[in-house]
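Remarks on the structure that follows.
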Amino acid sequence: MNAYLFTNARIIDPSQNMDFTGDLLVKDGIIAAVGEPLDLPNDAGVIDLEGKWLVPGLLDMHVHLREPGEEYKETIESGTTAAVAGGFTAVACMPNTQPVNDSAGITRFILEKAQISARARVYPIAAITLGQKGEQLTEFGDLLNAGAIAFSDDGLPVKNAAVMRQALEYAQNFDTLIISHSEELDLSRGGVMNEGRVSTILGLKGIPAATEEIAVFRDVALAELTGGRLHIAHVSTKGSVEIVRRAKSRGVRVTAETAPHYFSLTEEAVFGYNTFAKMSPPLRTEEDRLAVIEGLKDGAIDAIATDHAPHSVLEKECEFQMAANGIIGLETAIPLSLNLVRDGYITASQMIRCMSISPSKILSVPEGSLKNGNSADICIIDPEAIFTLTRESLHSLSYNSPFLGKVLQGKAILTLIDGRPVFDPTGILRVPEVK
C-alpha cells in the first residue's frame, strides 16, 4: 500500500505548534496532508488511532551502539532495533568504541553498517581528540566529510582546558558542535555513586555534585570566551542546571540534555548495591531530580536523551565497586518521560519537543517535523499501554536497566521511516485496501 490515512489521532508537532485531534495522510513515503479531518483518497487504507498520539519520529542524541569493538554488548543492528522499538527514528552514537571513532574510516564503517541494518537513521558523533586522550584534536573536516555530525569525547572529559578552548575555536570553522562530558576527574576518581547520605550508609566512595558543576562551569566559560557552540551532556545536578540557565540568559551558545533516569530516580535506587543503578554521572538527590525537571520545564535543559549504555552480565553482575557505569534507555524513554506529563510537570508538546525537534536543531539534522512534503518519519504512541519491562521484551542485546521488572505506562506501537514500518509488532499497517 502506497497511501494510508491515520485518522482520529492526537497529532502533536511542536515545530508547527500543533496539538489537536485529526488526520494525517502518508503517500509514497511522504507526509501528504495534515488536518482535521481529511478527505479519504480512493487508494488509501485507513488506520483509526483513537486515543493514540501521532508525533514526529523521535531522535535520541546520545546513545552508545558499542560497534565496532564490543559487539557482545550491542551492535548497530541490535541498537537500532531497540531504537525503533522505543519510537526513535534516529540516533546519534557516541565515539567511545574500540577503536575510537576518531578517523573517517571508522565513521564510514558505522554508516555502512547502519545502512545494512536499515532500521533507525544513525548519526555518528566523532571524537574531539585522537584516541579520546585529550591531547591532539582530530581532523574535524575529514570526519565531517565522512558523515560525522558533531564532536565529543563522551565517556571522558577533555581534561586540558587549552585543548577544549582550541576545539571550540576550531569547530567554528565548520559551524559544528562540541559536546561536553562534564566531569572533574580528580574529584570523581575512585567514586562509584553520588556523595551523600546514601553513600555513607552503604560505605561507598562518593562523587560530589561539584565534580560535574566545576566542569560545566569551565566549559561554559570557554564557550563564552570563544563564541563556540557547546552542548552539555547528561546534566544531573541542580547546580549544573543553574549554570546553564544563567549562561543562556547571557547569550552563551550553550544547550543541554538530561536523561530519563535523572528525572525518574535518585541515589536511593542504589540501596541493595544495585549495579543496574550505577552510572556516570551518578544518580543524585531528590533536590537535584526536581531541579532537572524544572530545567526541562523552563527550557534551561533543551533535550531528553537516553545515554543508552548497554553492558553484559560480565560488567554488571559483580561487586558494585567493580561494575561498569551505564544503563540502557532506548525502550524506556517514552514511558518515563510520559510520567512527567501525567504529573503535570511538562506538557505533551514539551515532551515531544525535547525528544524530537530540539535534538534535531541542536545537531543540525533533518528530523522532528510533520510538515507537508517531509519524509514520513513518524512515531505512534499509546499513552495508556501498560507493560512490564522484562529481559524477553527488550530488543537490546543487554538488559542492564534499573526498571527491569517494573510496570510502565506508555509505549511506541508503530514507528515509520520514509513511510516504511520499521516497528509494527501488532500489524497496525496490515489494513485492507479501500474499495
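The values are calculated or read from the model by the stated rules, or taken from the named source; none is laboratory data. These numbers were taken from a predicted model, which means no experiment stands behind them. Quick reminder, even Gly has a Cβ in these numbers, built from the backbone with ideal geometry, and neighbours come from all protein chains shown.
When residues in segment 274-318 are screened for being among the basic types (K, R), within 21 Å of T211 (Cα to Cα) and either in contact (Cβ under 8 Å) with a residue 60 or more places away in the chain or crowded, with 24+ Cβ neighbours inside 10 Å (or both), 2 of them pass. Looking only at residues in segment 268-295 that are in contact with a Gly (Cβ under 8 Å, 6 or more places away or on another chain) and of a type in the set (S, T, Y), the one that is farthest from T306 (Cα to Cα) is T285. State all residues of segment 28-37 that are assigned to a loop (DSSP other than H, G, I, E, B) and at pLDDT 80 or above; if no residue qualifies, say none. Residues satisfying the conditions are D28, G29, E36.
No other residue among F271, F263 is touching a residue at least 24 places away in the same chain (Cβ under 8 Å), of a type in the set (F, W, Y) and within 24 Å of G410 (Cβ to Cβ) apart from F263. Listed by first and then second residue, the pairs with beta-carbon distance under 9 Å, at least 6 apart or on different chains, first residue in segment 236-251 and acidic (D, E), second assigned to a helix (DSSP H, G or I), are E242/E213; E242/A291; E242/G295. Here T390 fulfils each of the conditions (1) part of a loop (DSSP other than H, G, I, E, B); (2) of a type in the set (S, T, Y); (3) within 19 Å of the chain's Cα centre (by Cα) apart from (3).
Within segment 240-268, the set of residues being part of a helix (DSSP H, G or I) and crowded, with 19+ Cβ neighbours inside 10 Å comprises S240, V241, I243, V244, A247, P260, H261, Y262, F263, S264, E267. Every listed requirement among (1) within 19 Å of the chain's Cα centre (by Cα); (2) closer than 28 Å to L340 by Cα is met by I243 save one, (1).
Which of the residues spanning segment 106-127 are assigned to a helix (DSSP H, G or I) and in contact (Cβ under 8 Å) with a residue 40 or more places away in the chain? Correct list: T107, F109, I110, K113, S117.
For segment 42-52, the tally of residues that are assigned to a loop (DSSP other than H, G, I, E, B), in contact (Cβ under 8 Å) with a residue 60 or more places away in the chain and surrounded by fewer than 19 Cβ atoms within 10 Å (Cβ to Cβ) stands at 3.
Among the helices (runs of 4 or more DSSP H) contained in segment 180-231, which hold 1 or more residues that are of a type in the set (F, W, Y) and farther than 26 Å from F276 by Cβ?
Passing ranges, in order: 210-226.
Remark: pairs (first residue in segment 1-12, more than 18 Å from I381 (Cβ to Cβ) and part of a strand (DSSP E or B); second residue of a type in the set (A, V, I, L, M) and modelled with pLDDT under 90; Cβ separation under 8 Å; 6+ apart in sequence or on different chains) = A3/A44; L5/L38; L5/L40; L5/A44. Checked against (1) buried (at least 24 other Cβ atoms within 10 Å of the Cβ); (2) of a type in the set (S, T, N, Q); (3) outside any loop (DSSP other than H, G, I, E, B), Q321 passes all but condition (1).
The residue pairs whose first member lies in segment 185-204 and is surrounded by fewer than 19 Cβ atoms within 10 Å (Cβ to Cβ), whose second member is of a type in the set (S, T, N, Q), and whose beta carbons are closer than 6 Å, counting only pairs six or more residues apart or on different chains, are L187/T211.
Scanning for something touching a strand residue (DSSP E or B) at 6+ places or on another chain (Cβ under 8 Å) and more than 16 Å from R284 (Cα to Cα), does segment 195-212 turn up at least one residue? No.
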